[in-house]
Amino acid sequence: MHIGHLLGSGRTADVYALDESWVLRRYRDGADATAELAVMSYLSASGFPVPRIGPPSDPALPTDLVLQRLTGPTMAEALLAGTLTEAEGGELLARLLRDLHAIPPRLSQDPEDRILHLDLHPENVMLTPQGAVVIDWSTACEGPPALDRAMSSLILAQVSLDPSFAGERVRVLLTTMLARLADDGGVPSGALARATARRAADPRLTARESAVLDEAAELVSALAG
């Protein structure tokens, strides 16, 4: 299988073109993608919108995922372009979280647990002609849905506090998302504290993200309350 040109790079992985239908996602740090592949396979079979999984790369490496080549902007790009409003974005994120948490856990024996994305934000949602697709499941695990809601809220709050970005617009998105998630249990203080501690321990956070973390948690608490 010929690996083509680099399509994009995230904090931990690079994405290369394979052909018109498939891309190769490869972790730079040697992380094993086996668990991520299992989660995506399970969610796909459950009807949740994730990229289709393709044939293994040649040679098959544990760091690689062959995935459907998606067309369309990310939600973040659509928001910046004005083709998606902040209210629409908040509604969509809330719906994706709710739909994800409606699926029973794959491994956990706790009936309250669900699969958690733990990094669900506008840059990880692709708006394809067939609908929204959630990408980058590297942080996925199983646990209480409130933790997932708290993590998405905290990430958005951090972005809203960035003076170089359209903070007020992101705050509208966050406020809308929290309002729609209130009936699902919202963001309890315990879940928010756990999400904040998890973010603080993430070595991939930038200095700016770390600096505003406590302020972001206070903002989520105020908006969710």
* If exposed GluC sites (Glu not before Pro) are those in a DSSP loop with at most 10 other Cβ within 10 Å, what is the longest stretch of the chain that has none? -> 113-225
* **Computed P(r) (all Cα pairs; region 55-106; 10 Å bins; percent)** => 19, 26, 33, 20, 2
* **Accessible area in square angstrom per residue, the chain, 1.4 angstrom probe** => 48
* **Sorted largest first, extent of region 159-224 alpha carbons per principal axis (Å)** => 34, 27, 16
* **Distance-filtered residues of region 173-212 - backbone nitrogen under 13 Å, label point 7 angstrom along residue 31 Cα→Cβ** => 202-205
* **Filtered trypsin sites (Lys or Arg not before Pro), region 155-225: DSSP coil and at most 14 other beta carbons within 10 Å** => 204
* Structure fact -> Here D for region 10-69, in µm²/s, from Stokes-Einstein with a Kirkwood Rh over Cα pairs at 37 °C and 0.692 mPa s, works out to 278
* Carbon plus sulfur fraction of accessible area for the chain, probe 1.4 Å, in percent -> 54
* Structure fact -> With R₀ set to 41 angstrom, the calculated FRET efficiency between the beta-carbons of residue 88 and residue 198, to the nearest 0.05, is 0.90
* Evaluated at q = 0.15, 0.18, 0.22 Å⁻¹: base-10 log I(q)/I(0), Debye formula over Cα of region 115-225 -> -0.62, -0.91, -1.35
* Farthest positive-ward along region 38-100 dipole, Cα basis, beta-carbon charges - from 57, 93, 76 -> 57
* Asked: In degrees between 0 and 90, to the nearest 10, how far off the longest principal axis of the chain does helix 145-160 point, with axes built from Cα atoms?
  -> 80
* Structure fact -> Nearest 10, in degrees from 0 to 90: the angle of helix 167-181 to the longest Cα principal axis of the chain is 90
* Compactness relative to 2.2 N^0.38 Å, alpha carbon Rg of the chain -> 1.00
* How large is Rg/Rh for region 1-132, to two decimals, with Cα atoms and a Kirkwood Rh? -> 0.97
* What angle, in degrees between 0 and 90 and rounded to the nearest 10, separates the Cα long axis of helix 86-101 from the longest principal axis of the Cα atoms of the chain? -> 70
* Given charges of +1 on the Cβ of Lys and Arg and -1 on the Cβ of Asp and Glu, with all other atoms neutral, how large is the dipole of the chain about its Cα centre, in debye to the nearest 20? -> 40
* To do: Quick one: compute the contact order of region 22-106, relative version, from alpha carbon pairs under 8 angstrom and 6+ residues apart, as a percent.
  => 31
* Return a whole-number percent for the relative contact order of the chain, with Cα pairs under 8 Å and 6 or more residues apart as the contact set. => 16
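The values are calculated or read from the model by the stated rules, or taken from the named source; none is laboratory data. Being a predicted model, the structure only gives us computed values, none of them experimental. So basically every Cβ, Gly included, is an ideal-geometry build from the backbone, and we count neighbours across all protein chains shown. Remember, those area values only see protein heavy atoms, side chains included, never the ligands or the DNA or RNA. Shrake-Rupley method; radii C 1.70, N 1.55, O 1.52, S 1.80 Å.
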